[in-house]
Amino acid sequence: MNKLIERLDKAFSLTEDLVNGLTIQELALTLGDLPSNIIGEQVWCIVGARESYLQAIIHNEWIGFSCSLNDLSSHSSVMDSLETSSRSLMENIQSVELNDTQTDFLFTLLEHEVMHHGQLIRYMYGNKLTFPESWTKRYTV
């Protein structure tokens, strides 16, 4: 279980490091002519998944998706939501003995976060943005 928690924490840190290095204008970028939402909406989905899976873990069942991040036009709001969702989840899962259902929720959350990393890599390349050093080391981008 400790390895899973370590991987979640690392994935969360990578996400926050990437987003922290983006400007508010960059958070509004899409993938040009390709069907895509904006980078900020990718972050909205990440925050919502963290919050929703935390509720699933607390209640030991899927409750549904919801996201508290309402303001994609404020970099501080986006970062606050990322940091709060990470901290809340990590504090909760480290303070309880997780059952198999809850552990499965964590694996699914990790898969979701890393899937968004792949999408964010496309956004970064597609918009010719610079990756933070943490991403260069982790993903050799």
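Taking all protein chains together and rolling a 1.4 Å probe, V114 ends up with roughly 60 Å² accessible.
With a 1.4 Å probe and all protein chains in place, put R138, R7 in order of accessible area, largest first.
On the way: R138 115, R7 145 Å².
Largest accessible area first, the list is R7, R138.
Mind giving me the FRET efficiency for T108 and N70? R0 is 22 Å, r the Cβ-Cβ distance, nearest 0.05 is fine. For R0 = 22 Å, the calculated efficiency reads 0.35.
The 1.4 Å probe gives accessible areas that order H116, H59, largest first, as H59, H116. The length gained by stretching the chain between D80 and N2 to full extension, at 0.36 nm per residue less their Cα-Cα distance, is 25.5 nm. Karplus-based coupling profile of region 42-51, in residue order and whole Hz: 5, 5, 4, 5, 5, 4, x, 5, 4, 5, with θ = phi - 60° in 6.51 cos²θ - 1.76 cosθ + 1.60 and x standing for Gly or Pro.
In this view, the solvent-accessible surface of S13, computed with a 1.4 Å probe and all protein chains in place, comes to about 60 Å². Residue-wise HN-Hα couplings along region 52-66, as the Karplus relation 6.51 cos²θ - 1.76 cosθ + 1.60 with θ = phi - 60° gives them from phi, are 6, 5, 4, 5, 4, 5, 4, 8, 6, 6, 5, 9, x, 8, 8 Hz; Gly and Pro carry x.
The lysines within cross-link reach of K137, meaning a Cα-to-Cα straight distance under 16 Å and a gap of 8 or more places when in the same chain, are K10. Taken one residue at a time, the phi angles of region 102-117 give Karplus couplings (6.51, -1.76, 1.60, θ = phi - 60°) of 5, 5, 4, 4, 5, 4, 5, 4, 4, 4, 4, 4, 5, 4, 5, 4 Hz. Gly and Pro are set to x. As a fraction of the 1.4 Å probe accessible area of the chain, surface on carbon and sulfur atoms comes out at 49 percent.
Fully extending the segment from S36 to S13 would add 5.8 nm, taking 0.36 nm per residue of separation and subtracting the current Cα-Cα distance. Model label sites at Q25 and Y139, defined 7 Å from Cα along the beta-carbon direction, differ in position by 2.3 nm. How would region 1-131 be classified by its alpha-carbon gyration tensor: rounded, prolate or oblate, with rounded meaning a/c under 1.5 and the a/b versus b/c comparison settling the rest? Prolate, since a/c reaches 1.5 and a/b exceeds b/c. For the chain, the solvent-accessible area with a 1.4 angstrom probe is 54 square angstrom per residue.
The values are calculated or read from the model by the stated rules, or taken from the named source; none is laboratory data. Since we're looking at a predicted model, the values are computed, not measured. Here Cβ is always computed from backbone atoms with ideal geometry, including for glycine, and neighbour counts include all displayed protein chains. These area figures cover heavy atoms from the full protein model, side chains too; ligands, DNA and RNA do not enter into them. Shrake-Rupley method; radii C 1.70, N 1.55, O 1.52, S 1.80 Å.
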